[in-house]
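Presented below is the structure to which this report refers.
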Amino acid sequence: MKKQYKLIKRVAVAFSMLFIALSMESCEEEDFRVIPEAEKEQTIISIEPALADIGTTVTITGTNFNGVPVNNRVTFGGVLAQVVTATETELTVVVPEGATTGPISIAKAKFVVEGPVFTVFPAPVITELSATGAAVGETVIITGQNFGATVAENTVEFDGIMAEVTAASETELAVIVPDGATTGPLTVEVLEQTGTIEIFTIAPVITSFEPLKGAADQEITITGTNFNNLAENNNVTFNGVLATVVSASATSLTVVVPPEANSGKIAVEVEQLLAVSETDFITIPSIISFSPETGAVDEEVTISGANFSPVPEENIVNFNGTLAVVTASTETSIITSIPDGAETGPVTVEVNGEVATSTTDFMVDNSIVTITIAINDINDDVEEAADGRMTLDSGDLELGEFDTFGTPDVGLQKIGLRFNGVNIPSGVTIEAASIRFVADQTAGADPTEMTIFGENIGDAPAYVEVDNDLSNRTLTTANAIWTIPEWIGSDTPAEDTTTVDISTIISEIITRGDWVDGNSMNFIFEATGVSAGAVTNDVGREAESYDVDNPEEGAQLIVTYRIN
């Protein structure tokens with residue numbers, strides 16, 4: 001019996017201990033339980049804008065909004081709106097279809113608050129214009145909806161420039177295109193709501209053009225406002241004759257004077273809106289060509305061009321300064337004949353004091369022409385040393401002198417002279433030709449001989465700084481030996497620094513099949529005879545080379561030819 005009692009007692013104690021342990025664990029769990037923070041009531045501070053149309057996005061500022069957009073229920077006059085973004089202090093919301101003027105409402109959890117009054121005001125709508133473009137100062141009628149009933153309620157702008165509203169109703173406005181307006185958007189604003197037409201064209205304005213006179217095919221610049229940025233969208237005429245627009249911006253046009261144009265106003269049309277210059281553009285005569293290009297005295301010649309006078313006696317024609325008789329003329333053609341005493345040279349046509357000059361010479365048969373061509377580049381008078389080294393920018397030219405400058409000695413040098421733009425037509429007879437140097441300050445009296453050759457090619461290529469560039473060129477068969485007179489320094493007379501005649505050399509070059517009037521010629525000088533064995537630098541002659549600061553010191557090619 002005692003044993004049973006003890007067992008019961010032990011079991012009771014165990015149960016008591018288990019109960020205490022469970023109770024303690026339960027208390028520990030209650031002590032560490034997380035209790036959510038109480039939801040705070042939201043507040044509405046403002047709505048911006050407070051007046052807008054359906055579909056406008058507005059911003060509501062306040063406190064204690066939910067950061068998740070869908071957890072904020074916003075209504076306008078009881079109509080649920082879409083919340084686009086949300087933070088604790090700001091909501092962006094789209095005004096819903098069906099919204100009406102009244103306080104907005106925001107519901108979150110168990111809280112519902114009302115905010116300031118939001119006014120639903122339809123934005124102005126532009127449905128029609130009396131004109132899609134106009135000039136400054138003209139009146140435009142704007143038709144539409146939701147305009148202000150009074151002038152003061154409407155703000156109208158042409159590309160940002162405010163216009164004067166002269167009359168207003170809810171469906172129609174009369175406005176004056178303001179000074180300074182440019183092509184761009186037309187806007188009507190009423191109570192901070194805006195209606196827009198994307199493009200309203202302002203008529204172009206010509207403020208100036210430069211030059212004030214010009215010939216056919218000459219480019220001129222027209223300055224103004226409201227031109228189209230695309231060249232092809234600007235129609236430009238000279239006294240009614242359509243011109244080609246080369247380039248365009250809103251304030252400048254580059255155009256080509258059409259051949260058929262006469263003196264008169266310049267006009268620019270953009271989108272059927274016209275600007276006309278205040279002053280006339282003066283067209284001057286121009287010569288395009290003449291036929292034939294060569295001829296004898298009394299032979300008939302037709303001159304083609306633009307802006308001639310249709311009255312023959314109003315055209316003054318000269319052949320290289322000799323007056324000719326005009327027998328017939330139109331605005332684009334003159335018939336005349338070569339006057340007695342005419343020499344080869346440019347043809348000129350004068351009309352009303354304006355003179356056109358041909359870009360090429362008319363060749364009068366049996367006339368004598370003399371041309372002078374100077375070295376015009378520092379790399380066109382060169383030296384080649386005895387060992388082939390090339391110097392393209394020497395300070396002077398040694399003729400028959402043993403040059404000791406350099407290591408090893410330069411020695412006896414070849415001289416190369418290249419003349420560009422040699423205007424000698426094929427088929428002429430060379431009457432005389434020579435090359436004239438300018439002596440430097442070094443005097444020289446000892447016997448000196450140089451043999452002159454031409455490069456046997458129709459268009460001489462430029463020199464290059466490659467060994468033996470002169471020696472490797474093909475020479476003409478024709479040559480000329482020049483025994484150089486005494487030079488007394490920089491005061492040496494020109495006749496003593498001028499070579500012997502080199503007509504045969506030039507004749508050989510211009511009779512080649514690849515010669516073209518205006519090509520380049522190359523002449524090469526070699527020490528020969530008494531100068532071939534020179535071994536000191538106190539012999540020979542020294543000539544100036546071309547210098548960009550003293551271009552007159554370069555050598556000159558002088559050629560006289562007869563036209564056959």
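The values are calculated or read from the model by the stated rules, or taken from the named source; none is laboratory data. These figures come from a predicted structure and were not determined experimentally. Positions of Cβ are backbone-derived with ideal geometry, glycine not excepted, and every protein chain shown enters the neighbour counts. In case anyone asks, the SASA skips ligands and DNA or RNA and just uses the protein heavy atoms, side chains included. Shrake-Rupley method; radii C 1.70, N 1.55, O 1.52, S 1.80 Å.
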Theoretical FRET efficiency, 1/(1+(r/R0)^6), r = Cβ-Cβ of THR150 and THR127, R0 25 Å, to 0.05: 0.80
Bins of 5 Å, starting at 0 and running to the largest distance - Cα pair percent for region 125-202: 3, 18, 33, 29, 13, 2
If you stretched the chain out fully between VAL70 and GLU278, how much longer would it get, using 0.36 nm times the residue separation minus the C-alpha to C-alpha distance? 68.2 nm
Given +1 on the Cβ of Lys and Arg, -1 on the Cβ of Asp and Glu, and no further charges, what dipole in debye does region 125-202 carry about its Cα centre, rounded to the nearest 20? 100 debye
Based only on the alpha carbon positions, what is the Kirkwood hydrodynamic radius of the chain, in angstrom? 34.0 Å
So for the pair THR143, THR59, with labels modelled 7 Å out along Cα→Cβ, what separation do we get in nm? 4.0 nm
Enter the angle in degrees (range 0 to 90, nearest 10) between the Cα long axis of helix 2-31 and the first principal axis of the Cα atoms of the chain, meaning the one along which they spread out most. 40 degrees
Mean separation of Cα contacts under 8 Å, 6 or more apart, over the residue count of region 370-562: relative contact order %: 39 percent
Show me the GluC sites (Glu not before Pro) within region 412-474 that DSSP assigns to loop and that have at most 16 other Cβ atoms within 10 Å of their Cβ. GLU465
Picking from ILE371, GLY137, PRO485, whose Cα lies most toward the positive end of the charge dipole for the chain (charges on Cβ: Lys, Arg +1; Asp, Glu -1)? GLY137
For region 43-120, the per residue accessible area (1.4 Å probe, Å²) is 48 Å²
Could you give the length gained by full extension between ALA328 and GLN82, i.e. 0.36 nm per residue of separation minus their alpha carbon distance, to one decimal place? 80.0 nm
So what's the net charge close to THR196: Lys and Arg +1, Asp and Glu -1, counting the other residues with Cβ under 12 Å from its Cβ? -4
Hey, got a sec? Which GluC sites (Glu not before Pro) in region 184-285 land in a DSSP loop and have at most 14 other Cβ atoms within 10 Å? GLU192, GLU278
Sequence-separation-based contact order of the chain, relative, with Cα cut under 8 Å and 6+ spacing, percent: 9 percent
Considering the zone a paramagnetic label at GLU552 would reach in this model (a point 7 Å from Cα along the Cα-to-Cβ line), which residues of region 373-415 have amide N under 19 Å from it? 373-378
Give, rounded to the nearest 20 debye, the magnitude of the charge dipole that the chain has about its Cα centre when Lys and Arg contribute +1 at Cβ and Asp and Glu contribute -1 at Cβ. 5340 debye
Tell me, what is the FRET efficiency for ALA432 and SER289 to the nearest 0.05, using R0 = 45 angstrom and their Cβ-Cβ distance as r? 0.90
What is the spin-label model distance, in nm, from MET162 to THR221 if the labels are put 7 Å beyond Cα along the C-beta direction? 3.6 nm
Grab the Cα-Cα distance for VAL466 and ASP365, subtract it from 0.36 nm times how many residues apart they are, and report the gain in nm with one decimal. 31.9 nm
Quick check: pseudo-label points 7 Å beyond the Cα along Cα→Cβ at GLU354 and ASN235, how many nm apart are they? 2.5 nm
On the accessible surface of the chain, probed at 1.4 Å, how many percent belong to carbon and sulfur atoms? 52 percent
Report the relative contact order of region 436-483, percent, no decimals, based on alpha-carbon pairs under 8 angstrom and at least 6 residues apart. 53 percent
P(r) for region 358-485: what percent of alpha-carbon pairs falls in each 10 Å bin, starting at zero? 10, 37, 34, 14, 5, 0
Label-reachable residues, region 122-145, where backbone N falls under 12 Å from a point 7 Å from GLU172's Cα toward its Cβ: 130, 141-144
Treating only Lys and Arg (+1) and Asp and Glu (-1) as charged, each at its beta carbon, one finds that region 43-120 has a dipole about its Cα centre, in Debye to the nearest 20, of 280 debye
